[in-house]
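The values are calculated or read from the model by the stated rules, or taken from the named source; none is laboratory data. Treat the numbers as computed from the prediction; the structure is a model and nothing was measured. Because the Cβ atoms are built from the backbone with ideal geometry, glycine has one as well, and the counts that use them run over all protein chains shown.
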Amino acid sequence: MTGTSASDIRFVFYLPNLSSYLDRVRLIGCIADKVGRGVLLTSHLDVPLQNLDLGNLEVIETPKGRRYPGRSAVAASGAVARLLETDNFNIVHDTFAHLSPLFLRRRRHPGQVFLTSLYSLAEWDLREWIRPTYGMRSVTNLNLRQYIQRAVMQRVVVRLADCVVVQAPGLVQRVVRYNKGATGKLTWIPNNVEVPHEPVLREDVDAQSIHLLWAAGGFDRAKGADELLTLLRRGKEREVQLRVSAVGASSPLDPSIPPYLDYYHLRSRMESEGLTESISFLNRIEPDQMDRYYRDADWLFHVSQLDGSPRVALEALGRGLPVIGLRHPGMTILDPDDQYIFYADPFDADSVLDQLIDEKADTQSHANRAAAGRKYIAENFSSDVISDKYVELYARLVSERVG
């Protein structure tokens, strides 16, 4: 297939921390077991390594560097450069343009292949979501200065990279549209997920109510907060008992939370529409504690405007929890035959409610949907399957560089 074998591959992968990327850390460990050598650099070694099964993967925490803007990127780039000088690594894999200082000096390392991964695109956020929704007052919980820095660095790294990995086929066209230099260097490899050997058995503690799980992190409009509140309001009007557990999200009603872009809008809606008791905000939950929330939920609500193959949807489906989502490329690759994701677009609260009511009354249909989702995810998105795709990509890129 290529002139490079897996044993010839020696890679350095950078992640800003471990706790936010646990499935990806395990994926990198799986890749390391299949190649000659794998090193993961991180700026924040915030998870005990003994809690992770990383096989042959070496993990190094980079020095933080002096206190100045971008210090982590500079320090991480310096650490990678020193590794390249001391050993014959042939792959450098960046995420989110964090290694931009190193990419800017990549001519000093002509023997290495440089890759970057983009999980969401700043420029797409701006043109497709932020500008139409907010104008230019601010940008999805980041101030304008931070956004501009991120967008510029992503553009620079995309131009300098040998390959750009995105998580859904639809992102390929978007990267090319906003980064003309990316033509011909993009590939898509979806996210991975660890699927338990046994499904998480549901515990329907309240057969009279419908329980939704929000696990998208921050509670904001780009991730579907407005649609969720509309669904709750319509359920209240139709006297349908709906309740939501918002994992990893802070309440807009909490005065101790610094106001963010959507804070006042969502707080006003919750108070004026009488929805304050309908959502339980649970802030951050440790990954090993999440199964109890999967057991207690009927559906994952993930009506997000963002792309990529969302890890939260992968995790829910892998544990047997069907998903309510939007039909964009990152979601449709998870369910190409519409078997276990209810695509709620254009979003209509009554249609969603009707689907939820029907499923609550037909437990076998819900169980079949959950089993189909779990089976497909386990067969197509496990760390073992996705790591093979990375090994194949690395081998091809190294072979092309050598050739």
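Tabulated values for the structure
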quantity: Complete set of residues in the stretch 71-117 that are over 20 Å from Leu393 (Cα atoms) and of a type in the set (S, T, N, Q); calculated: Ser72, Ser77, Thr86, Ser100
quantity: Those residues of the stretch 301-320 which are part of a loop (DSSP other than H, G, I, E, B) and either of a type in the set (Ser, Thr, Tyr) or closer than 17 Å to Ala370 by Cβ (or both), in sequence order; calculated: Ser304, Ser309, Arg319, Gly320
quantity: Residue within the stretch 207-224 that is modelled with pLDDT under 90, acidic (Asp, Glu) and assigned to a loop (DSSP other than H, G, I, E, B) present; calculated: yes
quantity: Residues satisfying the stated conditions in the stretch 99-111, i.e. surrounded by fewer than 22 Cβ atoms within 10 Å (Cβ to Cβ), part of a loop (DSSP other than H, G, I, E, B) and in contact (Cβ under 8 Å) with a residue 12 or more places away in the chain; calculated: Arg105, His109, Gly111
quantity: Flag for Ala75 being in the same structural domain as Ala182 (by TED's automatic domain parsing), in a helix (DSSP H, G or I) and in contact with a Pro (Cβ under 6 Å, 6 or more places away or on another chain); calculated: yes
quantity: Residue list for the stretch 10-62, filter: polar (S, T, N, Q), in a helix (DSSP H, G or I) and under 19 Å from the mean Cα position of the chain (by Cα); calculated: Ser19, Ser20
quantity: Qualifying residue in the stretch 209-227 (condition: surrounded by fewer than 17 Cβ atoms within 10 Å (Cβ to Cβ), of a type in the set (Gly, Ala, Ser) and under 23 Å from Gln355 (Cβ atoms)); calculated: yes
quantity: Subset tally (residues that are under 25 Å from Asp291 (Cα atoms), in a loop (DSSP other than H, G, I, E, B) and of a type in the set (D, E, K, R)) for the stretch 321-369; calculated: 3
quantity: Candidate set from the stretch 152-196 (those that are of a type in the set (Gly, Ala, Ser) and in contact with an Asp or Glu (Cβ under 7 Å, 6 or more places away or on another chain)); member that is surrounded by the fewest Cβ atoms within 10 Å (Cβ to Cβ); calculated: Gly170
quantity: Of all residues making up the stretch 345-368, the number that are surrounded by 14 or more Cβ atoms within 10 Å (Cβ to Cβ) and either under 18 Å from Gly170 (Cα atoms) or touching a Gly at 6+ places or on another chain (Cβ under 7 Å) (or both); calculated: 1
quantity: Members of the stretch 225-271 found to be at positive phi and either among the acidic types (Asp, Glu) or not in a loop (DSSP other than H, G, I, E, B) (or both), listed by number; calculated: Glu239
quantity: Test result for Asp291, under 18 Å from Leu228 (Cβ atoms), touching a Pro at 6+ places or on another chain (Cβ under 9 Å), in contact (Cβ under 8 Å) with a residue 12 or more places away in the chain and assigned by TED's automatic domain parsing to the domain that holds Ala222; calculated: no
quantity: Index of the failed condition, Leu83 passing every other in (1) at pLDDT 90 or above; (2) buried (at least 18 other Cβ atoms within 10 Å of the Cβ); (3) not charged (D, E, K, R); calculated: (2)
quantity: Failed item, numbered, when Val47 is tested on (1) aliphatic (A, V, I, L, M); (2) in contact with a helix residue (DSSP H, G or I) (Cβ under 6 Å, 6 or more places away or on another chain); (3) closer than 19 Å to Leu115 by Cβ; calculated: (3)
